[in-house]
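First the structure, in the form of structure tokens, and then the observations on it.
The values are calculated or read from the model by the stated rules, or taken from the named source; none is laboratory data. This structure is a prediction, so every number in the text was calculated from the model and none was measured. Every residue, glycine among them, receives a Cβ derived from its backbone with ideal geometry; neighbour counts consider all protein chains shown. Just the protein is used for accessible areas: all its heavy atoms, side chains included, with ligands, DNA and RNA removed. Shrake-Rupley method; radii C 1.70, N 1.55, O 1.52, S 1.80 Å.
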Amino acid sequence: MKISIEKDYDSLSNKAANRFIELVESGKIKDIAFPTGNTPKLFYKKLVEFYKDEKVNLSGVSGFLIDEYYPIKKESKNSFNYYIEKKFFTHVKLKKKYSLDGNNPDFLAECKNYKELIEKKGGLDLVILGVGENGHIGFNEPGSEYNSRVRLVELKNSTLDINRAKYDAGKVPKYALTLGIYEIFKAKKIILLASGSSKSERIRDLFNGHISSSLPVSVLRLHSDMEVILDKEAAVLLEDQIMELIN
Ligand code: GLP
């Protein structure tokens, strides 16, 4: 596992954007899944700036949205589709954009199609992830099976409580569509971003302790090409020995 500990959120975002550009410019990374949430906001901002300055060409990249609430309309300001369009997709020219439609009454077909689309591509080249405070990745909540696929999930109260604050008005949907642990883990490369002390326990769990489906983020320790970009606050609970190894 490759780890970078940056001094603050700004340099974390800068690091992530530069790393992203390097990977895309290598020509090997084309099918990329993108996260939502507060953590990657500045990463997207920087990426869009780099794109406008012609520092990166994204015409070979297909973008996949990792997850979406259910039910929700794409145009809803609270949807992840809206988020990714506003923050990233509309500002850049990608080869293709794919997302889960949280408004499809046939959620089984929606998930099946997304799963098959990714399968046809031979899996994703890169998944960029945040982590939930309860250890979820995408919307794979604690208890998600390692072989879970694209599916509808019921959100935990812990997630609903936190996400309510990010949700404009009304009630946060209790369900979501998400890439499974399987699709995430099968990606050739994974980059996880975490900022702030509220993520420090989960970052500690990523390095120490049991790998368990009750803590979905912990399975990432087993991935062969995993990169973690943190700020100091998110890394605050890492043991001294780990810090010595990293530095
Ligand atoms: C959300 C999303 C995740 C995201 C996570 C952390 O609920 N489903 O994809 O990574 O929570 O979000 P944040 O970066 O706002 O802490």
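The criterion of at least 1 residues that are among the acidic types (Asp, Glu) and surrounded by 23 or more Cβ atoms within 10 Å (Cβ to Cβ) is met by the following helices (runs of 4 or more DSSP H) wholly inside region 155-216: 181-185. Would you pick out the residues in region 21-46 that are crowded, with 17+ Cβ neighbours inside 10 Å, touching a residue at least 40 places away in the same chain (Cβ under 8 Å) and within 16 Å of the ligand (Cβ to nearest atom)? The answer is Ile32, Ala33, Phe34, Pro35, Thr36, Gly37, Thr39, Pro40, Phe43, Tyr44.
Of the residues making up region 42-64, those that are part of a loop (DSSP other than H, G, I, E, B) and of a type in the set (D, E, K, R) are Asp53, Glu54, Lys55.
Pairs linking a residue in region 75-91 that is more than 13 Å from Asn38 (Cα to Cα) and open to solvent by 60 Å² or more (accessible area, probe 1.4 Å) to a residue that is assigned to a helix (DSSP H, G or I) and basic (Lys, Arg), with Cβ atoms under 9 Å and 6 or more positions apart or on different chains, are Lys77/Lys86; His91/Lys52.
Has region 1-9 got at least one residue that is over 30 Å from Asn113 (Cβ atoms), within 16 Å of the ligand (Cβ to nearest atom), under 18 Å from the mean Cα position of the chain (by Cα) and in a helix (DSSP H, G or I)? So far as region 1-9 goes, yes, one or more of its residues are over 30 Å from Asn113 (Cβ atoms), within 16 Å of the ligand (Cβ to nearest atom), under 18 Å from the mean Cα position of the chain (by Cα) and in a helix (DSSP H, G or I). Quick one: is Leu152 on the phi < 0 side of the Ramachandran plot, open to solvent by less than 10 Å² (accessible area, probe 1.4 Å) and not charged (D, E, K, R)? Taking the combined requirement at face value, the residue does not satisfy it.
The residues listed here are Asp161, Asp106; of these, the one that is more than 10 Å from the ligand (Cβ to nearest atom) and at pLDDT below 95 is Asp161. Residue-level analysis places Lys73 among those that are assigned to a loop (DSSP other than H, G, I, E, B) and of a type in the set (Lys, Arg). Between Ile184, Ile211, the distinction of being within 15 Å of the ligand (Cβ to nearest atom) and β-branched (Val, Ile, Thr) belongs to Ile184 only. Within region 105-127, the set of residues being basic (Lys, Arg) and within 16 Å of Thr178 (Cβ to Cβ) comprises Lys112, Lys115. Could you check region 120-129 and list, in sequence order, the residues that are open to solvent by 20 Å² or more (accessible area, probe 1.4 Å) and either within 10 Å of the ligand (Cβ to nearest atom) or of a type in the set (Lys, Arg) (or both)? Lys120, Lys121 - these are the residues of region 120-129 that are open to solvent by 20 Å² or more (accessible area, probe 1.4 Å) and either within 10 Å of the ligand (Cβ to nearest atom) or of a type in the set (Lys, Arg) (or both).
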